[in-house]
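Heads up: the structure comes next, in C-alpha coordinates.
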Amino acid sequence: FPRVGGRMLVGFLLKGMAVGLVIAVPAGPVGVLCIRRTIFHGSLAGFFSGLGAATADAVFGIIAGFGLTVVSDWLLGYKDWLRIGGAGFLLYIGVSAFFHDPLAGTRSQRDPEGLLADYASTFALTITNPVTILAFLAIFAAIGFTGEEATLGGAALLVLGVWLGSLMWWAALSLGAGVLRLSFRRTHLVWINRGSGGILVLSGVALIGSFLLEHFG
(Lines give C-alpha, C1' and ligand atoms only; values in the text may rest on other atoms or scores of the structure.)
Protein backbone atom coordinates (compact mmCIF):
# COMPACT_ATOMS: atom_id res chain seq x y z
CA PHE A 1 0.00 0.00 0.00
CA PRO A 2 1.23 3.56 -0.62
CA ARG A 3 2.83 5.31 2.32
CA VAL A 4 0.84 8.18 3.78
CA GLY A 5 2.39 10.97 5.87
CA GLY A 6 1.39 11.64 9.46
CA ARG A 7 -0.02 15.05 8.56
CA MET A 8 -2.25 13.48 5.94
CA LEU A 9 -3.48 10.87 8.43
CA VAL A 10 -4.35 13.60 10.94
CA GLY A 11 -6.11 15.35 8.09
CA PHE A 12 -8.21 12.25 7.45
CA LEU A 13 -9.13 12.09 11.15
CA LEU A 14 -10.26 15.73 11.16
CA LYS A 15 -12.11 15.31 7.88
CA GLY A 16 -13.82 12.23 9.28
CA MET A 17 -14.96 14.21 12.32
CA ALA A 18 -16.42 16.86 10.03
CA VAL A 19 -18.20 14.16 8.01
CA GLY A 20 -19.58 12.61 11.21
CA LEU A 21 -21.03 15.97 12.23
CA VAL A 22 -22.53 16.57 8.79
CA ILE A 23 -24.18 13.14 8.81
CA ALA A 24 -25.38 13.30 12.44
CA VAL A 25 -26.85 16.82 12.63
CA PRO A 26 -29.87 16.31 10.32
CA ALA A 27 -30.77 13.04 12.09
CA GLY A 28 -34.54 13.68 12.15
CA PRO A 29 -36.48 11.16 14.25
CA VAL A 30 -33.30 9.77 15.84
CA GLY A 31 -32.55 13.24 17.17
CA VAL A 32 -36.09 13.58 18.50
CA LEU A 33 -35.78 10.19 20.19
CA CYS A 34 -32.45 11.17 21.76
CA ILE A 35 -33.87 14.44 23.13
CA ARG A 36 -37.01 12.72 24.34
CA ARG A 37 -35.07 10.08 26.27
CA THR A 38 -32.79 12.71 27.79
CA ILE A 39 -35.75 14.73 29.05
CA PHE A 40 -37.74 11.79 30.40
CA HIS A 41 -34.97 9.36 31.44
CA GLY A 42 -31.85 11.44 32.01
CA SER A 43 -28.69 12.48 30.19
CA LEU A 44 -27.20 8.98 30.23
CA ALA A 45 -30.21 7.62 28.35
CA GLY A 46 -29.82 10.35 25.75
CA PHE A 47 -26.07 9.80 25.48
CA PHE A 48 -26.40 6.03 25.02
CA SER A 49 -29.08 6.64 22.41
CA GLY A 50 -26.67 8.94 20.58
CA LEU A 51 -23.88 6.40 20.98
CA GLY A 52 -26.02 3.83 19.18
CA ALA A 53 -26.61 6.23 16.28
CA ALA A 54 -22.91 7.16 16.15
CA THR A 55 -21.95 3.47 16.03
CA ALA A 56 -24.32 2.88 13.12
CA ASP A 57 -22.81 5.87 11.30
CA ALA A 58 -19.35 4.36 11.90
CA VAL A 59 -20.55 1.05 10.44
CA PHE A 60 -21.71 2.88 7.31
CA GLY A 61 -18.34 4.66 7.24
CA ILE A 62 -16.50 1.33 7.46
CA ILE A 63 -18.55 -0.07 4.58
CA ALA A 64 -17.87 2.99 2.43
CA GLY A 65 -14.27 3.59 3.49
CA PHE A 66 -13.08 0.01 3.11
CA GLY A 67 -15.06 -0.63 -0.06
CA LEU A 68 -17.18 -3.46 1.36
CA THR A 69 -19.44 -3.59 -1.67
CA VAL A 70 -20.83 -7.02 -0.78
CA VAL A 71 -22.19 -5.68 2.51
CA SER A 72 -23.47 -2.43 1.00
CA ASP A 73 -25.19 -4.29 -1.85
CA TRP A 74 -26.82 -6.64 0.68
CA LEU A 75 -28.09 -3.78 2.85
CA LEU A 76 -29.31 -1.77 -0.12
CA GLY A 77 -31.01 -4.90 -1.46
CA TYR A 78 -33.08 -5.09 1.74
CA LYS A 79 -33.59 -1.34 2.13
CA ASP A 80 -37.36 -1.62 1.67
CA TRP A 81 -37.71 -4.17 4.44
CA LEU A 82 -35.39 -2.14 6.64
CA ARG A 83 -37.45 0.98 5.93
CA ILE A 84 -40.67 -0.79 6.93
CA GLY A 85 -39.01 -2.07 10.11
CA GLY A 86 -37.82 1.42 11.00
CA ALA A 87 -41.27 2.84 10.31
CA GLY A 88 -42.88 0.23 12.55
CA PHE A 89 -40.49 1.04 15.38
CA LEU A 90 -41.18 4.78 15.10
CA LEU A 91 -44.94 4.17 15.12
CA TYR A 92 -44.62 1.96 18.19
CA ILE A 93 -42.55 4.49 20.15
CA GLY A 94 -44.71 7.41 19.03
CA VAL A 95 -48.05 5.79 19.86
CA SER A 96 -46.72 4.46 23.18
CA ALA A 97 -45.81 8.01 24.18
CA PHE A 98 -49.50 8.98 24.28
CA PHE A 99 -50.30 6.25 26.82
CA HIS A 100 -47.44 6.75 29.30
CA ASP A 101 -47.22 9.11 32.25
CA PRO A 102 -44.64 11.74 31.16
CA LEU A 103 -43.38 11.99 34.76
CA ALA A 104 -42.88 8.26 35.29
CA GLY A 105 -39.44 8.08 33.69
CA THR A 106 -38.13 11.24 35.35
CA ARG A 107 -38.21 9.78 38.85
CA SER A 108 -35.19 7.51 38.40
CA GLN A 109 -32.23 7.03 36.08
CA ARG A 110 -32.06 4.19 33.58
CA ASP A 111 -30.65 0.86 34.78
CA PRO A 112 -27.89 -0.81 32.71
CA GLU A 113 -30.42 -2.94 30.81
CA GLY A 114 -32.40 0.17 29.91
CA LEU A 115 -29.27 1.97 28.68
CA LEU A 116 -28.34 -1.05 26.55
CA ALA A 117 -31.84 -1.04 25.07
CA ASP A 118 -31.51 2.70 24.33
CA TYR A 119 -28.21 2.03 22.53
CA ALA A 120 -29.49 -0.96 20.57
CA SER A 121 -32.73 0.72 19.48
CA THR A 122 -31.09 3.82 17.97
CA PHE A 123 -28.38 1.68 16.37
CA ALA A 124 -31.09 -0.44 14.75
CA LEU A 125 -33.13 2.60 13.73
CA THR A 126 -30.13 4.30 12.12
CA ILE A 127 -28.98 1.14 10.35
CA THR A 128 -32.43 0.82 8.71
CA ASN A 129 -31.41 3.66 6.38
CA PRO A 130 -28.60 2.05 4.33
CA VAL A 131 -28.91 4.74 1.65
CA THR A 132 -26.62 6.69 4.00
CA ILE A 133 -23.81 4.53 2.61
CA LEU A 134 -24.19 6.31 -0.73
CA ALA A 135 -23.92 9.66 1.05
CA PHE A 136 -20.68 8.49 2.69
CA LEU A 137 -19.27 7.36 -0.65
CA ALA A 138 -20.03 10.74 -2.22
CA ILE A 139 -18.63 12.71 0.73
CA PHE A 140 -15.46 10.58 0.96
CA ALA A 141 -14.82 11.17 -2.74
CA ALA A 142 -15.46 14.90 -2.31
CA ILE A 143 -12.87 15.22 0.48
CA GLY A 144 -10.21 13.46 -1.57
CA PHE A 145 -10.32 9.90 -0.24
CA THR A 146 -9.62 8.32 -3.63
CA GLY A 147 -6.79 6.79 -5.59
CA GLU A 148 -3.43 6.48 -3.81
CA GLU A 149 -4.72 8.28 -0.73
CA ALA A 150 -7.35 5.59 -0.10
CA THR A 151 -5.14 3.44 2.16
CA LEU A 152 -6.22 1.14 4.97
CA GLY A 153 -4.68 3.46 7.55
CA GLY A 154 -6.42 6.45 6.05
CA ALA A 155 -9.73 4.59 5.97
CA ALA A 156 -9.35 3.56 9.62
CA LEU A 157 -8.69 7.12 10.76
CA LEU A 158 -11.45 8.48 8.56
CA VAL A 159 -13.96 6.07 10.12
CA LEU A 160 -12.67 6.85 13.62
CA GLY A 161 -13.20 10.52 12.85
CA VAL A 162 -16.74 9.83 11.65
CA TRP A 163 -17.52 8.06 14.91
CA LEU A 164 -15.97 10.82 17.03
CA GLY A 165 -17.68 13.61 15.09
CA SER A 166 -21.07 11.92 15.29
CA LEU A 167 -20.57 11.17 18.99
CA MET A 168 -19.63 14.81 19.69
CA TRP A 169 -22.93 15.93 18.24
CA TRP A 170 -24.99 13.42 20.22
CA ALA A 171 -23.09 14.21 23.44
CA ALA A 172 -23.73 17.94 22.98
CA LEU A 173 -27.39 17.30 22.19
CA SER A 174 -27.99 15.10 25.23
CA LEU A 175 -26.04 17.49 27.49
CA GLY A 176 -28.06 20.48 26.30
CA ALA A 177 -31.37 18.68 26.66
CA GLY A 178 -30.25 17.42 30.09
CA VAL A 179 -29.68 20.97 31.29
CA LEU A 180 -33.05 22.12 29.96
CA ARG A 181 -34.96 19.23 31.54
CA LEU A 182 -34.37 20.70 35.01
CA SER A 183 -36.51 23.72 34.16
CA PHE A 184 -39.50 21.83 32.76
CA ARG A 185 -42.75 21.66 34.71
CA ARG A 186 -45.43 18.98 34.42
CA THR A 187 -47.35 20.95 31.78
CA HIS A 188 -44.21 21.30 29.68
CA LEU A 189 -43.45 17.60 29.99
CA VAL A 190 -46.97 16.66 28.90
CA TRP A 191 -46.68 18.74 25.74
CA ILE A 192 -43.14 17.57 25.03
CA ASN A 193 -44.36 13.99 25.43
CA ARG A 194 -47.22 14.52 23.00
CA GLY A 195 -45.19 16.59 20.56
CA SER A 196 -42.26 14.19 20.35
CA GLY A 197 -44.63 11.23 20.10
CA GLY A 198 -46.49 12.96 17.29
CA ILE A 199 -43.27 13.70 15.40
CA LEU A 200 -42.18 10.07 15.66
CA VAL A 201 -45.59 8.86 14.45
CA LEU A 202 -45.49 11.28 11.50
CA SER A 203 -41.95 10.12 10.68
CA GLY A 204 -43.11 6.50 10.63
CA VAL A 205 -46.10 7.36 8.46
CA ALA A 206 -43.83 9.30 6.08
CA LEU A 207 -41.53 6.29 5.70
CA ILE A 208 -44.45 4.02 4.90
CA GLY A 209 -45.86 6.63 2.54
CA SER A 210 -42.57 6.93 0.67
CA PHE A 211 -42.44 3.15 0.33
CA LEU A 212 -45.99 2.96 -1.05
CA LEU A 213 -45.39 5.88 -3.40
CA GLU A 214 -42.18 4.38 -4.71
CA HIS A 215 -43.66 0.97 -5.40
CA PHE A 216 -47.33 1.62 -6.11
CA GLY A 217 -47.52 5.28 -7.02
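The values are calculated or read from the model by the stated rules, or taken from the named source; none is laboratory data. Predicted model only: the values in this text are computed from it and were never measured. As a convention, Cβ positions derive from the backbone with ideal geometry for all residues, glycine included, and neighbour counts pool all protein chains shown. To get the accessible areas, we keep the full protein, side chains included, count just its heavy atoms, and leave off ligands, DNA and RNA. Shrake-Rupley method; radii C 1.70, N 1.55, O 1.52, S 1.80 Å.
Quick notes on this one:
- For beta carbons closer than 6 Å, sequence separation of 6+ or different chains, a first residue in the stretch 114-131 that is farther than 12 Å from Val30 by Cβ and open to solvent by 30 Å² or more (accessible area, probe 1.4 Å) and a second that is of a type outside the set (Lys, Arg) and part of a helix (DSSP H, G or I), the qualifying pairs are Tyr119/Phe48; Tyr119/Leu51; Tyr119/Gly52.
- Extreme residue, least open to solvent (accessible area, probe 1.4 Å), among residues of the stretch 192-216 that are β-branched (Val, Ile, Thr) and under 21 Å from Trp81 (Cβ atoms): Val201
Residues checked against (1) farther than 23 Å from Phe98 by Cβ; (2) open to solvent by 10 Å² or more (accessible area, probe 1.4 Å):
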| position | (1), (2) |
| --- | --- |
| Gly28 | no, yes |
| His41 | no, yes |
| Ala45 | no, no |
| Phe48 | yes, yes |
| Phe60 | yes, no |
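- Residues in the stretch 51-69 that are at pLDDT below 85 and under 25 Å from Phe211 (Cβ atoms): Ala64, Thr69.
- Among the conditions (1) at pLDDT below 80; (2) on the phi < 0 side of the Ramachandran plot, Gly144 misses just one, which is (2).
- Candidate set: the stretch 169-190, residues that are more than 25 Å from the chain's Cα centre (by Cα) and under 13 Å from Arg36 (Cα atoms); chosen: the one most open to solvent (accessible area, probe 1.4 Å): His188
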